[in-house]
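The values are calculated or read from the model by the stated rules, or taken from the named source; none is laboratory data. Treat the numbers as computed from the prediction; the structure is a model and nothing was measured. Here the Cβ positions follow ideal geometry from the backbone for every residue, glycine too, while neighbour counts run over all protein chains shown. Ligands, DNA and RNA are excluded from the accessible area calculation, which covers all protein heavy atoms including side chains. Shrake-Rupley method; radii C 1.70, N 1.55, O 1.52, S 1.80 Å.
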Amino acid sequence: MNSPDSPGSTPSPSDAATPAPSCSAKGCREAAVWVLAWNNPKLHTPERRKTWLACEEHREHLSQFLGVRGFLKDVVELDEWVQPEGSERP
């Protein structure tokens, strides 16, 4: 996903219009590497997954924040994330 273009290649218009996903940590604009799938059982049905994105630096902090509350369901590399039906898009 966030690989540099090959020499002499021209990015497609869709590549130029779509910014790279960034980390969800407050104030961080680093490229996202991880998807943290979570669910607040008081608000969401069990199959619902909301997502936060994390860079390498903030993955553990954001995971702990969600984990302490019992919200964290899964941590997956962004390139391997498959959006469950009925969930929000990262």
Failed criterion for L53 (all others in (1) open to solvent by 100 Å² or more (accessible area, probe 1.4 Å); (2) modelled with pLDDT of 95 or more hold): (1)
Matching residues, region 13-41, being of a type outside the set (A, V, I, L, M, F, W, C), closer than 26 Å to G70 by Cβ and either at pLDDT below 95 or surrounded by 12 or more Cβ atoms within 10 Å (Cβ to Cβ) (or both): P21, S24, N39, N40, P41
Test set (1) outside any loop (DSSP other than H, G, I, E, B); (2) at pLDDT 95 or above; (3) out of contact with any Asp or Glu (no Cβ under 9 Å at 6 or more places or on another chain) - D79 fails condition number: (2)
